[in-house]
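The values are calculated or read from the model by the stated rules, or taken from the named source; none is laboratory data. Here the structure is a predicted model, which means the values were calculated and not measured. FYI the Cβ positions are ideal-geometry reconstructions off the backbone, even for glycines, and counts take in every protein chain you see. The area values use the complete protein model at the heavy-atom level, side chains included, leaving out ligands, DNA and RNA. Shrake-Rupley method; radii C 1.70, N 1.55, O 1.52, S 1.80 Å.
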Amino acid sequence: MFTPITFASILPEILILALGLLILIFEPFWKEDQRRNAGWLTAGGLFVILVVSLLFGRPGEPTSTLGGMIRFDWLGFFLKMLFIFAGAATALLLMDHEKAGRRGEAYLLLLASLLGMNLMAVASDLVMLYLAIETASIPLYILSGFLLTDERSTEAGFKYLLFGTVASTVMLYGFSLVYGFSGTTDLYAIANAFTSGNVSPLLGFGVLALLIVGLGFKVSVVPFHFWAPDVYQGAPTPVAGYLSTASKAAGFAVMLRLFFIAFPDFSGTWAMILAALAAISMTVGNLLALPQTNIKRLLAFSSISHAGYAMIGVVAFNTLGATSVVFYLAAYIATNLLAFGIVMAFSRITGLEEITDYAGLSRRNPLLALMMLAAFLSLAGMPPFGGFVAKVFVFAAGVQTGYIWLVVVGILNSIIGVYYYLNVLKYVYLYRMPEQDEEQHPVPLTRPYTIALVVLVLGVILVGTVFAPFFGWSDAGAFVLFN
Amino acid sequence: MNFPILSVITFLPFVAGVIILMMPATRKNETRAVALAAATIDLLLSAWVYLQYLLGDMTGYQFLEQYNWLPQLGITLFFGVDGMSAPLVLLTGIVMFTGVLISWGNDDPQVMSGIQDRPREFFAFLFLLAGGVFGVFVSLDLFMLFFFYEIAVFPMYLLIAIWGWVKTREYAAMKLTLYLFIGSVVALVGALAMYWVQYQNTGVLSFNMLEMEKAGFSTAFQNIWFLPVFLGFAVLGGIWPFHNWSPDGHVAAPTAVSMFHAGVLMKLGAFAALRVGVMLLPEGAKEWAWLIMLFAGVAVVYGAYIAFVQTDLKYMIGFSSVSHMGLVMLGISTLNETGLTGAGVQMFSHGVMTALFFAVTGMIYDRAHTRMIPELGGMAKIMPFAAIGFIIGGLVSMGMPGFSGFVAEFPIFMGVWREQWLVAVISSISIVITAAYIMMNIRKVFFSPLPENLEGHVGDVTVLDKVAIVTLCLFMIAIGLFPSVMVPMVSTGVENIMRLLGGA
């Protein structure tokens, strides 16, 4: 049963587990001031895992392994690589966090949730899927409330826990109904059993709605977004960055596989619901981002609107749609991690998180300001950064399937986006500190930040200029959903 | 494989921008030197392209380069110039070169000129802008055209907001960015629609514009999408009634950015509207030509009239740009050979002329610290060189024979006359108004007595400024005296458009 292909299909997960155990074993022996090195170990380890997986763990023909629990294909593989990349970057950003950076548990929890996300990307059975989602979520509840002495952080952890549990229970109920009507938990078998022939449209709508509640929470679309701003604001900043990128992308991974593979017969129903959610999410996210004064809350609302943009690709329900979603996730992960990384680097020195506090940053640290320019312009969808091509592909997929109205909503929203993203850059580049003594207040970067941020900037620019390889991988991922 | 000259022209500014960004902030003069070197190389290369095209057989697209970029969606890096775009590439080279000269900046607190605050970032953003502009002019791939178009838009925000005129820069920069962004995304939806309809018609996924010309879009489709696409781009061309961002942007921008903005960016809009709107959707163009002509006609007269009543020198030039760009649009809207040729030459002529106007205005403002026309006077004695430059620019603006303005405007009016003589009559009023305000302002600013408060502390322009003025004047006079260096070339580009319009 345990053939080489089985091994290859879960190679990254085995290695992540091993890395977690390694940290668990070594961390107690390190002295207080050495524990920060767990971050180097995590990031370095994940980098090695990334390389090893790319060399030895690439999928060939799509196959089911482990008794149909895991689907070994390019979609899962490419997303797993993205998650591991995000995990490594997060570990680096976590290292110099004042309270969380010297605690081995933080890295262990990060790896545990990464394990869960990887499994979310490949799970092809409802049971496995649910387990994966919980494995990814529970460590994140703890990480959000990691700063025990900080009221906001505990609030964030608790709030996330409550919302998350309710959403996942609702989804579990949906799973049980799916099983009840189809008699199978295998995603690839459900498609034949759960058809419009033997399930009434109303029931199909109900079941899909239950599933969408759970996934909508994971990807934080309106109206399941209420947790996001508070949690992002309260959680340690690198964790918030991780939540808004990898965790969201994992939700999209599940969404693609679940809806495209298991419910193609009900595509009209779920596409309608998702189109509505996408439109509302983009609009509400962007409008609520306008009055924000805290940069983390601004990024939270912007991430809600980005979930809406990406969902246009899901709604399109064709190869280009799926490709564009995966591509969007790749661009978005790099961009938003960069944005949160900068916020982390800045608040570590200054302890401030208001947008107005960024005044004069371009004189305090020109490099950091330039990176912020890249991150925010990419979020706004300007070339040569990743956000531009990602948006164009998503819109192209929407136009192709005839969702012109949704694309128009998306375009109107990206105009609102340009306004508030540029507004932040205005503080960075135009305004000065009250005393105009920026030279006295430098914002130095420690080595982990320099490495993480430079890699992320390069990622954002590469995705936005040399997009062919990234598109090719996304395309290979989308291909398996339709063949 | 020939030397990939167009790629080099396009990507050199990006590379130079990155190099400049990596230099230490304290090395201001080295930064400027690198910028000037890059700009000089780009000017020489674009002049080389122009001359090669002029001395060659002048047909079709030349210097073609094509690299696969994203084969799955048919996106290629496809560069080439024709008679329409070669002059504009040269124009961009000229404006880039003179823009760097004007922004050189001396660190002498007595004569504040050019850019002293963070020149490193300034030149980097300016070059990003220049690279985007080159990219649009040489791209024959619709996706890449959009890509470069957007790159050309956002540095404007930073350039204006950071180095602009303190009073209005935030407002003007945001207004400009939002106008242009809205225009471009509206055009983008149209482009995506064209892309998919082409796919339905031919079964080929391609953004290649030469292929798209043959896609056989139905007349109904063209009639629907022509207006969004054309107007979306024409916003950047300053078409009335979407011109409002433009004068505000001019006024708020620092000198070199005003030069780029009026000299090159507005051509970008007109050029993209022509290449994507008219050339890919010719039937739609015929359907809606009357509306474009109406808008353009209003812009020509209204712009000139508003310019006439301005008291701020920069607003005056800003509105005169709206008027002159209206002439370009008017030429395009005729859809006949004469009018389009005029529009092509006018794009170049106006680009050089406005760049010169803004350069001289910047020189005056840097030294006199005011741009209000009533407060100025006697500049001819202090800066005779700048005065001569301004006068030559003024003569071009009025359309005097012997200068490039005449070569451009005369065919436009001839073309319009052939389509709709009434519009030609009404819009030619603008020539009179233009002549009036140009001459009045030259008299006031340069030849009236020097106001007392300016006496003593206003100095002459620098050597670099003089080089810039001479360069710009040279091109305007050359084209005026020898129209054959440009007009035949533009008309080969126009033949191509006429072929698509079905010889109408």
Of the residues B:Thr202, B:Thr177, B:Thr168, which is within 8 Å of chain A (Cβ to nearest Cβ) and touching a residue at least 12 places away in the same chain (Cβ under 8 Å)?
-> B:Thr177
Could you figure out which of (1) open to solvent by 40 Å² or more (accessible area, probe 1.4 Å); (2) more than 20 Å from A:Ser474 (Cα to Cα) isn't true of A:His97?
-> (1)
B:Phe63 being assigned to a strand (DSSP E or B) and either out of contact with any Asp or Glu (no Cβ under 9 Å at 6 or more places or on another chain) or over 23 Å from B:Phe127 (Cα atoms) (or both) | yes
Kindly indicate whether A:Ala156 is in contact with a Ser or Thr (Cβ under 6 Å, 6 or more places away or on another chain), part of a helix (DSSP H, G or I), in contact (Cβ under 8 Å) with a residue 24 or more places away in the chain and not hydroxyl-bearing (Ser, Thr, Tyr).
-> yes
From the list B:Ala33, B:Ala25, pick out the single residue that is more than 14 Å from chain A (Cβ to nearest Cβ), over 24 Å from the mean Cα position of the chain (by Cα) and more than 28 Å from B:Phe348 (Cβ to Cβ).
-> B:Ala33
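Select, from A:Leu412, A:Leu430, the only residue that is over 27 Å from B:Gly74 (Cβ atoms) and more than 7 Å from chain B (Cβ to nearest Cβ).
After applying the criteria, what remains is A:Leu412.
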Looking at segment B:471-504, which of its residues are without any contact (Cβ under 8 Å) to a residue 60 or more places away in the chain and more than 20 Å from B:Tyr53 (Cβ to Cβ)?
-> B:Gly503
Taking segment B:28-47 and keeping only residues that are over 17 Å from B:Gly135 (Cα atoms), surrounded by 14 or more Cβ atoms within 10 Å (Cβ to Cβ) and not aliphatic (A, V, I, L, M), one is left with B:Lys28, B:Thr31, B:Arg32, B:Thr40
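Okay, residues lined up against (1) surrounded by fewer than 24 Cβ atoms within 10 Å (Cβ to Cβ); (2) of a type in the set (Val, Ile, Thr); (3) at the interface with another protein chain (Cβ under 9 Å from one of its Cβ atoms):
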site	(1), (2), (3)
A:Tyr328	no, no, no
A:Ala359	yes, no, no
A:Ala390	no, no, no
A:Ile404	yes, yes, yes
A:Gly417	no, no, no
Taking segment B:379-403, which residues are touching a Leu at 6+ places or on another chain (Cβ under 6 Å) and surrounded by fewer than 19 Cβ atoms within 10 Å (Cβ to Cβ)?
-> none
Residue that is farthest from B:Val490 (Cα to Cα), among those in segment B:51-70 that are within 14 Å of another protein chain (Cβ to nearest Cβ) and crowded, with 17+ Cβ neighbours inside 10 Å = B:Leu70
Of the residues B:Phe475, B:Phe446, B:Phe406, which is over 19 Å from B:Gly297 (Cβ atoms), part of a helix (DSSP H, G or I), aromatic (Phe, Trp, Tyr) and open to solvent by less than 30 Å² (accessible area, probe 1.4 Å)?
-> B:Phe446
Residues within segment A:182-198 that are surrounded by 19 or more Cβ atoms within 10 Å (Cβ to Cβ) and either within 17 Å of A:Ser267 (Cβ to Cβ) or of a type in the set (Lys, Arg) (or both), tallied | 4
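Of the residues B:Lys267, B:Lys314, B:Lys286, which single one is within 15 Å of the chain's Cα centre (by Cα), of a type in the set (Lys, Arg) and part of a helix (DSSP H, G or I)?
That would be B:Lys267, the only listed residue that is within 15 Å of the chain's Cα centre (by Cα), of a type in the set (Lys, Arg) and part of a helix (DSSP H, G or I).
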Among the residues of segment B:214-223, count how many are farther than 17 Å from B:Trp290 by Cβ and part of a helix (DSSP H, G or I).
-> 2
Residue check, B:Phe134 against (1) over 19 Å from B:Phe78 (Cβ atoms); (2) aromatic (Phe, Trp, Tyr); (3) in a helix (DSSP H, G or I), all met but one. Which one?
-> (1)
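Evaluate the following for B:Val229: is it more than 10 Å from every other protein chain (Cβ to nearest Cβ), surrounded by 21 or more Cβ atoms within 10 Å (Cβ to Cβ) and either free of Cβ contacts under 8 Å to residues at least 24 places away in the same chain or among the β-branched types (Val, Ile, Thr) (or both)? Quick ask: steps written out before the conclusion?
Values: more than 10 Å from every other protein chain (Cβ to nearest Cβ): yes; surrounded by 21 or more Cβ atoms within 10 Å (Cβ to Cβ): yes; either free of Cβ contacts under 8 Å to residues at least 24 places away in the same chain or among the β-branched types (Val, Ile, Thr) (or both): yes.
Taking the combined requirement at face value, the residue satisfies it.
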Just wondering, is there one or more residues in segment A:421-440 that are buried (at least 22 other Cβ atoms within 10 Å of the Cβ) and among the hydroxyl-bearing types (Ser, Thr, Tyr)?
-> yes
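Going by the conditions given, is B:Ala436 in a helix (DSSP H, G or I), of a type in the set (Gly, Ala, Ser), at pLDDT 85 or above and farther than 30 Å from B:Gly60 by Cβ?
yes
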Which residues, counting only those in segment A:49-70, are closer than 19 Å to A:Gly477 by Cβ, under 23 Å from the mean Cα position of the chain (by Cα) and open to solvent by 50 Å² or more (accessible area, probe 1.4 Å)?
-> A:Leu54, A:Arg58
Of those in segment B:137-182 that are assigned to a helix (DSSP H, G or I) and among the acidic types (Asp, Glu), the residue most open to solvent (accessible area, probe 1.4 Å) is B:Glu170
B:Gly99: more than 14 Å from chain A (Cβ to nearest Cβ) and more than 29 Å from B:Thr361 (Cα to Cα), yes or no?
-> no
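Quick test for you: out of B:Asn208, B:Asn223, B:Asn244, pick the one residue that is open to solvent by 10 Å² or more (accessible area, probe 1.4 Å), more than 10 Å from chain A (Cβ to nearest Cβ) and touching a Ser or Thr at 6+ places or on another chain (Cβ under 7 Å).
Matching residue, one of B:Asn208, B:Asn223, B:Asn244: B:Asn208.
Residue-wise test of (1) open to solvent by less than 20 Å² (accessible area, probe 1.4 Å); (2) among the acidic types (Asp, Glu); (3) closer than 30 Å to A:Gly472 by Cα.
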residue: A:Val314; (1), (2), (3): yes, no, yes
residue: A:Tyr332; (1), (2), (3): yes, no, yes
residue: A:Val343; (1), (2), (3): yes, no, no
residue: A:Ile349; (1), (2), (3): no, no, no
residue: A:Ser362; (1), (2), (3): yes, no, no
residue: A:Leu370; (1), (2), (3): no, no, yes
residue: A:Pro383; (1), (2), (3): yes, no, yes
Of the residues in segment B:293-311, those that are under 17 Å from the mean Cα position of the chain (by Cα) and not in a helix (DSSP H, G or I) come to none
How many residues of segment B:409-438 are β-branched (Val, Ile, Thr), open to solvent by 10 Å² or more (accessible area, probe 1.4 Å) and under 22 Å from the mean Cα position of the chain (by Cα)? The answer is 1
Give the number of residues within segment A:111-135 that are outside any helix (DSSP H, G or I) and either buried (at least 24 other Cβ atoms within 10 Å of the Cβ) or aromatic (Phe, Trp, Tyr) (or both).
-> 2
Output for segment B:142-165, where each listed residue is hydrophobic (A, V, I, L, M, F, W, C) and at the interface with chain A (Cβ under 9 Å from one of its Cβ atoms) = B:Phe143, B:Phe146, B:Phe147, B:Phe148, B:Ile151, B:Val153, B:Phe154, B:Leu158, B:Ala161, B:Ile162
